[in-house]
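Structure, as structure tokens:
Since every read-out is calculated from the coordinates, none of them should be taken as a lab result. This is a predicted model, so every value here is computed, not measured. Cβ placement follows ideal geometry from the backbone for every residue including glycine, while neighbour counts extend to all protein chains displayed.
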Amino acid sequence: MAEPEDEKKRAPQPRISPLEEGGLVERVMRSLELTKGVEIARRYIAMNGFDSALTMLGLLLGGLITIDPLNPTPGFNAILLAAAGTIIAMAVSGFSGVYLAESAERDRKVEEMGRAMLTDMTDSMYAKASRTTAVVVAIVDGASSAVAALIIMSPLWFVPFGLLTYDIAFYMAMAICMLLLFLLGLFLGHISKKSIWKYAARTLFAGVVTAALLYTIAFVTGGG
């Protein structure tokens with residue numbers, strides 16, 4: 001016997017969490033909004049891009065100072081290997097370190113909220129959003145460092161194919177690094193709602209200071 005139409009309408013419908021509605025991107029964005037993960041990811045992009053740029057600048061300057069112009073291949077290959085190892089290390093370290101730190105911090109917050117509300121929030125919507133945020137923020141952290149470094153070092157990959165000479169590749173990479181620092185300064189200025197040019201000047205100044213200190217050390221130690 002078929003159920004009356006009114007009873008079908010009154011039958012309880014399964015409740016779907018807002019975090020389970022829509023596509024993957026929509027669900028992730030809702031999780032980030034709930035846990036304020038967007039601001040955290042944005043900070044990691046700027047911070048890790050800045051750190052990566054200065055790290056690569058140090059490698060480039062060290063290579064430019066120490067490579068023998070008469071026999072550049074061994075020194076250049078060493079710089080390439082060091083750059084590849086550094087990029088991999090930054091990506092793995094960034095992802096694993098931030099994931100562990102964010103997971104621990106968010107688990108603690110969920111537990112504190114549960115104690116305050118006298119309930120178990122382990123499977124709550126906020127707990128699920130926190131777990132998603134920890135993964136996303138960790139990916140952003142690892143990827144931002146690696147991508148910035150890959151962009152900066154990209155001219156060096158053309159040297160083994162004979163498309164660029166090693167010295168031109170170094171200077172192009174340093175120019176890209178300075179441009180990236182400038183763009184990061186504009187980005188930080190936009191976030192702060194203050195003078196974007198002031199922030200751009202500060203990030204560029206950090207690059208100039210890094211170069212000056214390295215050249216000073218090379219001069220004092222005779223490394224150049």
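Amide H to amide H, with H built 1.01 Å from N, LEU164 comes under 5 Å of VAL159, counting only residues 5 or more places away or on other chains. In the chain, the calculated helix contribution to ellipticity at 222 nm averages -28000 deg cm²/dmol per residue, counting -39,500 (n - 2.57) for every DSSP H run with n ≥ 4.
When trypsin sites (Lys or Arg not before Pro) are flagged only if DSSP places them in a loop and at most 13 other Cβ atoms lie within 10 Å, the longest unflagged stretch of the chain comes out as 37-192.
Listed by number, the DSSP H helices of the chain that run 24 Å or longer by alpha-carbon position along their axis and have mean Kyte hydropathy of at least 1.6 are 166-192. Average projected area of the Cα convex hull of region 93-183, in nm²? Approximately 8.1 nm², given one-decimal rounding. Placing unit charges on each Cβ (+1 for Lys and Arg, -1 for Asp and Glu) gives the chain a dipole about its Cα centre, and among PHE219, VAL137, ASN71 the Cα reaching farthest toward its positive end belongs to PHE219.
Taking only the alpha-carbon positions of region 28-180 and ignoring solvent, what does the Debye formula give for the base-10 log of I(q)/I(0) at q = 0.16 Å⁻¹? Scattering profile of region 28-180, log10 relative to I(0): -0.83. Pairs of Lys residues in the chain that lie 8 or more places apart, or on two chains, and have C-alpha atoms under 29 angstrom apart add up to 6.
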